[in-house]
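Taken together, the values in this text are just the output of simple stated rules run on the coordinates, not laboratory data. What you are looking at is a predicted structure, and each value in this text was computed from that prediction instead of being measured. For neighbour counting, all protein chains shown are included, and Cβ atoms are generated from backbone atoms with ideal geometry for every residue, glycine included.
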Ligand code: BV8
Ligand code: ZN
């Protein structure tokens, strides 16, 4: 199967799931996690930044790191890949966008309500009482590796934490349920820009494959999802996705 066959498959499908990871935002200028030279985990330690324990031990370091990442996302724009995903909604009867990304580039490209499996950089909440908190309105104090003290909760004075899912934390139940239901009901799942290494999210394309859906994969590099993919479409998302829709 090649790009043309994959395009035909998409055209004829009733329910498509698009499952995205950091790679779809790479060409917008948002660093991925696991790419060898440019990935965040090549320069930062996940255990000391992306866990609840890290936040308890050094809240200023963790809050500062997420502020730095939030400011990067605010400065960049959706790319042709995000735009193609938004356009796909107008071409097929049903589209569910499921993302592991904590940026808002799908929304800004016009995808109505992407399912955020790992939360969002734009939805901070209290670490104590869990109430949602406003984004800080202070001038940008962030910078790579710079500590920034988190704001305090207006209700209980607890520390405000980023609204993302850290390692060892459960994914939001409604999001995971919606994702699992869509994956088991779709006829095509398009996986884009994910290494497929982080669970339970990486179960989503596997679930679709087990339920009989065709799995189309867009990624410039091999991934553990290669064996379950009906077709691998190598290349950057901002090039391959628009080509798939023409
Ligand atoms: C849970 C949010 C249970 C925060 C993230 C073994 C050992 C230790 C732990 C585990 C284990 N097995 C399972 C676990 C649990 C763990 C896990 O999966 N660990 C893995 C890494 C081993 N999972 C969890 O902890 C999860 N929770 O299991 O809870 C539980 C049960 C009961 C009670 C309590 C708990 C929670 C995981 C959530 C972690 N949060 N992020 C933040 O952003 O800081 S994860 C992080 O990885 C990212 O945010 C992202 O969401 C996720 C996946 O990464 P990708 O998006 O795929 O990015 P990556 O860099 O890896 O890959 C990029 C890809 O793009 C590459 O393939 C590249 O080739 C490609 N690419 C590059 N450029 C382009 C491109 N593609 C297209 N176009 C391009 N231009
Ligand atoms: Zn509170």
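Distances over 27 Å make up what percent of all Cα-Cα pairs in the stretch 124-246? Tail of P(r) above 27 Å: 42 percent of Cα pairs. Shown is the FRET efficiency for residue 211 and residue 231, computed with R0 = 25 Å from the Cβ-Cβ distance and rounded to the nearest 0.05: 0.90. Multiplying the residue separation of residue 123 and residue 140 by 0.36 nm and removing their Cα-Cα distance gives an extension gain of 4.4 nm.
Computed log10 I(q)/I(0) for the chain at 0.07 Å⁻¹: -0.24, from the Debye equation with unit scatterers placed on every C-alpha and solvent omitted. A Förster radius of 30 Å combined with the Cβ-Cβ distance from residue 89 to residue 173 puts the calculated FRET efficiency at roughly 0.75. Each label point was placed 7 Å from the Cα along the Cα-to-Cβ direction; for residue 147 and residue 57 their separation is 1.4 nm. If you wrap the Cα atoms of the stretch 1-113 in a convex hull and average its projected area over all directions, you get 8.6 nm². If a paramagnetic tag sat 7 Å from the Cα of residue 221 along the Cα-Cβ line, which residues of the stretch 181-199 would have the backbone N under 16 Å from that point? Counting backbone N atoms under 16 Å from the label point, the list is 192-198. A Förster distance of 22 Å, applied to the separation of the beta-carbon atoms of residue 197 and residue 47, puts the FRET efficiency at 0.90. Taking the helices alone, the chain has a mean residue ellipticity at 222 nm of -9000 deg cm²/dmol, built from -39,500 (n - 2.57) per DSSP H run of at least 4 residues and averaged over all its residues.
How many percent of DSSP beta bridges within the chain run antiparallel, rounded to 5? Of those bridges, close to 20 percent are antiparallel. A straight chain from residue 243 to residue 185 at 0.36 nm per residue would run longer than the Cα-Cα distance by 18.3 nm. Please report how far the C-alpha centroid of the stretch 203-246 lies from that of the stretch 36-63, rounded to the nearest whole angstrom. What the calculation gives is 29 Å, centre to centre. Beyond 19 Å, the tail of the calculated P(r) for the stretch 59-201 holds 58 percent of the Cα pairs. The coefficient of translational diffusion for the stretch 202-243, derived via Stokes-Einstein from the alpha carbon Kirkwood radius under 10 °C and 1.306 mPa s, stands at 148 µm²/s.
For the stretch 143-246, the share of DSSP beta bridges that are antiparallel, to the nearest 5, is 10%.
With the convex hull drawn over the C-alpha atoms of the stretch 51-121, the volume per residue is 76 Å³.
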